[in-house]
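Read the structure below first, then the notes.
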Amino acid sequence: MLSTSLKRLWHKLGSPRWFFALTENWVKAAGLSALVLLLWGAVWGLGFAPADYQQGNSFRIMYVHVPAAMLAQSLYIAMGVAGFIGLVWRMKLTDVAISACLPLGMVITALALFSGSVWGRPTWGSWWEWDGRTVSTLVLFFLYVGIYALREAIADQDLRARASALVAMVGTINIPIIKYSVEWWNTLHQPASFGLTQKPAMPSEMWLPLLVMVLGFYAFAAFIVLVRMRTEILNREMGARWVRDWIQVRSER
């Protein structure tokens, strides 16, 4: 009985129609959460957190750079997982997820690189340093761009889905390189500011607003990805009766 229920749930998870209906309220919740958390975290971190005893106020770029760097990696991991599921179980929804995560991942990775350069200028004395984490994050950006270019170059939808899923899955090998680069090589980057199993390396007045900003970035990503997935589902399923019924209901409201 449990096995049958799990199989049914697994098939439902791959159904664009079921996913579209399930996430209708999720979009509003994610959007509202992102707005509240980002405003709260930005005001707290940029206006009220104490200045760093070494870096002064320049450290405040951390409240953008750290969440952007974390989210850039998470979005790529999500693409890699979706790619694996798509290749193994042939779920149509996985390609929709890759398509939705891809543009946001490019923008967020570019933001992480740019904010890191802005932070590095007063801290390291240069806009760019060829250390392990910086270079591996640049590789992450190129992976995003490469998958985007690949999808634009392939017209056939099934072939495009398989090719981008394969590249996304293989490219996840870069994620542990980014994470452990500060331990494997000599690098100017400091270790993680906080984690699930370790005490934060800064006062609570500094890391609490950072935590709020991280949550805000992830809520914003959830909002954007869900909106893009729902739009993509409507475009792909335009000929389906349930889409026509949904459009009719929306127009009558």
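Is it the case that segment 140-161 has a residue that's within 30 Å of GLY56 (Cβ to Cβ), in contact with a helix residue (DSSP H, G or I) (Cβ under 9 Å, 6 or more places away or on another chain), modelled with pLDDT under 95 and of a type outside the set (A, V, I, L, M)?
No, there is no match, as no residue in segment 140-161 is within 30 Å of GLY56 (Cβ to Cβ), in contact with a helix residue (DSSP H, G or I) (Cβ under 9 Å, 6 or more places away or on another chain), modelled with pLDDT under 95 and of a type outside the set (A, V, I, L, M).
Taking only pairs six or more apart or across chains, which ones have beta-carbon atoms under 7 Å, a first residue in segment 124-142 that is within 16 Å of MET106 (Cβ to Cβ), and a second residue that is part of a helix (DSSP H, G or I) and among the aromatic types (Phe, Trp, Tyr)?
LEU140/TYR76
Show the residue pairs that are 6+ apart or on different chains and have beta-carbon atoms under 6 Å apart, the first residue being within segment 1-21 and over 21 Å from GLU237 (Cβ atoms), the second being among the β-branched types (Val, Ile, Thr) and at pLDDT 75 or above.
none
In segment 129-139, which residues are touching a helix residue (DSSP H, G or I) at 6+ places or on another chain (Cβ under 6 Å) and surrounded by fewer than 18 Cβ atoms within 10 Å (Cβ to Cβ)?
Within segment 129-139, VAL139 is the sole residue that qualifies.
In segment 71-78, is there at least one residue being closer than 30 Å to SER15 by Cα, surrounded by 20 or more Cβ atoms within 10 Å (Cβ to Cβ) and small (Gly, Ala, Ser)?
Yes, because at least one residue in segment 71-78 is closer than 30 Å to SER15 by Cα, surrounded by 20 or more Cβ atoms within 10 Å (Cβ to Cβ) and small (Gly, Ala, Ser).
Considering only segment 98-132, how many residues are farther than 14 Å from ALA69 by Cβ, assigned to a helix (DSSP H, G or I), of a type in the set (S, T, N, Q) and over 15 Å from the mean Cα position of the chain (by Cα)?
Counting residues in segment 98-132 that are farther than 14 Å from ALA69 by Cβ, assigned to a helix (DSSP H, G or I), of a type in the set (S, T, N, Q) and over 15 Å from the mean Cα position of the chain (by Cα) gives 1.
List every residue pair whose Cβ atoms lie under 7 Å apart, where the two residues are 6 or more positions apart in sequence or sit on different chains, the first residue falls within segment 110-122 and is farther than 12 Å from MET62 by Cβ, and the second residue, located anywhere, is buried (at least 19 other Cβ atoms within 10 Å of the Cβ) and among the hydroxyl-bearing types (Ser, Thr, Tyr).
LEU113/THR137
Pick from TRP40, TRP10, TRP44: which is within 30 Å of ALA163 (Cα to Cα), more than 20 Å from the chain's Cα centre (by Cα) and part of a helix (DSSP H, G or I)?
TRP10
Restricting to segment 206-253, give me the number of residues that are more than 23 Å from VAL96 (Cβ to Cβ), of a type outside the set (S, T, N, Q) and assigned to a helix (DSSP H, G or I).
Total meeting the criteria: 12.
The values are calculated or read from the model by the stated rules, or taken from the named source; none is laboratory data. Just so it is clear, the structure is predicted and the values come from calculations on it, not from any experiment. Heads up, the Cβs are rebuilt from the backbone with ideal geometry, glycines too, and the neighbour counts pull from every protein chain shown.
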